[in-house]
Amino acid sequence: MSAKHNQLAGSLTDEILSGRYQAGDRLPSERELAVRFNVNRGAVREAMSRLSQLGVADIQPGGARVSPINEASLDIIGHMLSTTRVPDAQLLGQIFEVVERLLSMAAEALVERGQAEDVEAVRAQVQQLFDNGLDSEAHAAARIEMMRTIMITSGNLVCQLIAHGLFKQFAPTLEAVKPYVQLDVEAFNRLARRLDGALASRDRRAVREVFDGFAELHDRTLTPAIEAAVRHSEFQAEAAS
């Protein structure tokens, strides 16, 4: 879509997400939107097609109506995260919770029915986290590689697709939060050692418990980081006014 198509689709999506249009509301007609955004009706139709793809509008011959947000496609998450400079803490927390659960499911599937070489490949990635000499960037890269290897070796395509879709959308928004993240590396590495043992013994319950621990650790890390990013953003806004 051209810039005008994107502007129209983006503006309408913002208005739907902000509550200006509620589920079931009829959206403005093609003619009204064409006048408002100074575009032709073909451009309006393309933008409305984008809203339909996102699942936020149901396009019918007589017009378009807003769909319930819980019926939208997964792609709407990226738009929701991009509406503010600092991502919404509750939404980001929900994304992390889902990703953690998907990783846990993938790891449990691996120890239950994975090949020995696949289990060893994941263990090799986990063991890289035992190196206390890793700086923060190297540690982050090792964590991501560990998660990627778990997903790949699990053989669960549905988990892979959902996790990839979520990660692709929320990763860019973390840049605003990244400077404030203070991960307890020692706590993470203790969990990594437990994960290595659970993988070696193919203990599904122990794997699940480790990922519960990862989820708790990430929650403790994420909340103060977002709060700090919000304070900094508010300070910048006040300084600029």
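The values are calculated or read from the model by the stated rules, or taken from the named source; none is laboratory data. Model, not experiment: these values are computed from the prediction. No Cβ is skipped: glycine too gets one built from the backbone with ideal geometry, and neighbour counts run over all protein chains shown.
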>> Quick test for you: out of 103, 110, 81, pick the one residue that is under 28 Å from residue 15 (Cβ atoms), assigned by TED's automatic domain parsing to the domain that holds residue 234 and either touching a Ser or Thr at 6+ places or on another chain (Cβ under 7 Å) or surrounded by 15 or more Cβ atoms within 10 Å (Cβ to Cβ) (or both).
In response: 81
>> Just the residues that are assigned to a helix (DSSP H, G or I) and in contact with a Lys or Arg (Cβ under 8 Å, 6 or more places away or on another chain), please, taken from region 180-197.
In response: 188, 196
> If you scan region 165-187, which residues turn out to be at pLDDT 85 or above and more than 20 Å from residue 230 (Cα to Cα)?
Replying inline: 165, 166, 184, 185, 186, 187
> Quick check: is even one residue across region 216-223 among the charged types (D, E, K, R), over 16 Å from the mean Cα position of the chain (by Cα) and not in a loop (DSSP other than H, G, I, E, B)?
Replying inline: yes
> Can you find even one residue in region 75-90 that is out of contact with any helix residue (DSSP H, G or I) (no Cβ under 6 Å at 6 or more places or on another chain), assigned to a loop (DSSP other than H, G, I, E, B) and more than 30 Å from residue 216 (Cα to Cα)?
Replying inline: no
> With 135, 75 as the choices, which residue is without any contact (Cβ under 8 Å) to a residue 60 or more places away in the chain and out of contact with any Asp or Glu (no Cβ under 8 Å at 6 or more places or on another chain)?
Replying inline: 135
>> Restricting to region 22-67, count the residues that are touching a strand residue (DSSP E or B) at 6+ places or on another chain (Cβ under 7 Å), at pLDDT 90 or above and either surrounded by 12 or more Cβ atoms within 10 Å (Cβ to Cβ) or in a helix (DSSP H, G or I) (or both).
In response: 15
> Mind checking which residues of region 1-39 are touching a Phe, Trp or Tyr at 6+ places or on another chain (Cβ under 9 Å) and of a type in the set (D, E, K, R)?
Replying inline: 4, 15
>> Going by what's in this entry, would residue 200 be described as at negative phi, in contact (Cβ under 8 Å) with a residue 40 or more places away in the chain and crowded, with 17+ Cβ neighbours inside 10 Å?
In response: no
> Does region 224-241 hold any residues that are free of Cβ contacts under 8 Å to residues at least 40 places away in the same chain and in a helix (DSSP H, G or I), and which are they?
Replying inline: 231, 234, 235, 236, 237, 238, 239, 240
